[in-house]
Amino acid sequence: MDLIILGAPGAGKGTLAADLCPRLSIKHISTGDLLREVIASGSKLGAEINNFVSTGALVPDELIGQMIRDTLNADACQNGVLLDGFPRTIPQAELLEQIMTELGRPLAAVFYLNVELDRVIRRLINRVSCQKCGRPYHLLNLPPQKAGICDACGGALIQREDDREETIRKRFATFLAKTQPLIDFYKAKNLLTEVMADDNPQAALNFALQYLGVSAA
Ligand SMILES: [Zn+2]
């Protein structure tokens with residue numbers, strides 16, 4: 001079973017992917033991680049991709065498509081994949097459709113984690129991590145014992161640039177603008193399912209499983 005997951009940064013994609021994939025025995029394919037792996041593998045494709053990545057240029061769809069095709073053909077992915085970070089554009093979605101048709105693996109569903117901006121802000125703005133050891137904290141859900149200080153090493157807790165409210169607002173707006181065409185594309189194909197991304201990961205998981213006809217735990 002091959003799936004796609006869409007969602008704004010902070011919508012909880014990572015959590016749902018981590019919960020869902022083991023239940024379905026499919027592999028979570030984050031395109032960012034995959035790109036790094038392919039480059040590190042030293043393959044011919046990896047070297048070609050690295051030529052673009054190392055100069056900060058956009059990797060051509062043709063190369064990304066080849067990477068996705070190789071991935072779908074890999075032994076570990078025969079049961080299916082959850083694609084995260086690909087496709088990002090309509091041409092990429094069309095390319096993926098072509099690849100999946102060739103492989104006889106039609107897409108089963110596209111999950112769109114729909115989340116309100118205010119909720120994303122609340123979730124991300126409280127994230128801090130240790131400057132020294134990198135240990136993550138959440139000021140509401142997982143606070144340190146002493147404010148501003150890492151429990152593990154005594155280092156100072158800092159907020160990442162990405163987690164500042166202005167940055168969150170900008171990324172969210174960019175995500176929506178870029179993703180709306182994809183949402184419409186998959187809606188038109190009756191493949192899109194909205195998952196309400198509130199603060200209940202278990203409910204999101206159960207919804208996804210139920211939708212796929214897999215019984216919840
Ligand atoms: Zn620390």
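The values are calculated or read from the model by the stated rules, or taken from the named source; none is laboratory data. Keep in mind it's a predicted model, so treat the numbers as computed, not measured. Cβ: placed from backbone, ideal geometry, glycine included. Neighbour counts: every protein chain shown.
Computed quantities for the displayed model
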{"quantity": "Subset tally (residues that are surrounded by fewer than 18 Cβ atoms within 10 Å (Cβ to Cβ) and either at positive phi or touching a residue at least 24 places away in the same chain (Cβ under 8 Å) (or both)) for segment 130-147", "calculated": "3"}
{"quantity": "Strands (runs of 3 or more DSSP E) within segment 63-166 that include 1 or more residues more than 16 Å from the ligand (Cβ to nearest atom) and within 22 Å of the chain's Cα centre (by Cα)", "calculated": "81-84, 109-114"}
{"quantity": "Residue in segment 169-191 that is within 16 Å of the ligand (Cβ to nearest atom), touching a strand residue (DSSP E or B) at 6+ places or on another chain (Cβ under 8 Å) and under 27 Å from Leu83 (Cβ atoms) present", "calculated": "no"}
{"quantity": "Number of the exception - Asp199 against (1) touching a Lys or Arg at 6+ places or on another chain (Cβ under 8 Å); (2) in a helix (DSSP H, G or I); (3) of a type in the set (Asp, Glu)", "calculated": "(2)"}
{"quantity": "Any hit, segment 177-187, residues being of a type in the set (Phe, Trp, Tyr), in contact (Cβ under 8 Å) with a residue 24 or more places away in the chain, out of contact with any Pro (no Cβ under 8 Å at 6 or more places or on another chain) and in a helix (DSSP H, G or I)", "calculated": "yes"}
{"quantity": "Enumeration of residues in segment 88-114 that are basic (Lys, Arg) and under 25 Å from Gln210 (Cα atoms)", "calculated": "Arg105"}
{"quantity": "Condition check for Leu45: more than 19 Å from Pro181 (Cα to Cα) and surrounded by 19 or more Cβ atoms within 10 Å (Cβ to Cβ)", "calculated": "no"}
{"quantity": "Members of segment 125-157 that are in contact with a Gly (Cβ under 9 Å, 6 or more places away or on another chain) and aliphatic (A, V, I, L, M)", "calculated": "Val128, Ile149, Ala156, Leu157"}
{"quantity": "Pairs, first closer than 19 Å to Ile99 by Cβ in segment 35-63, second modelled with pLDDT under 95 and part of a loop (DSSP other than H, G, I, E, B), C-beta under 7 Å, six or more apart", "calculated": "Ile49/Val59"}
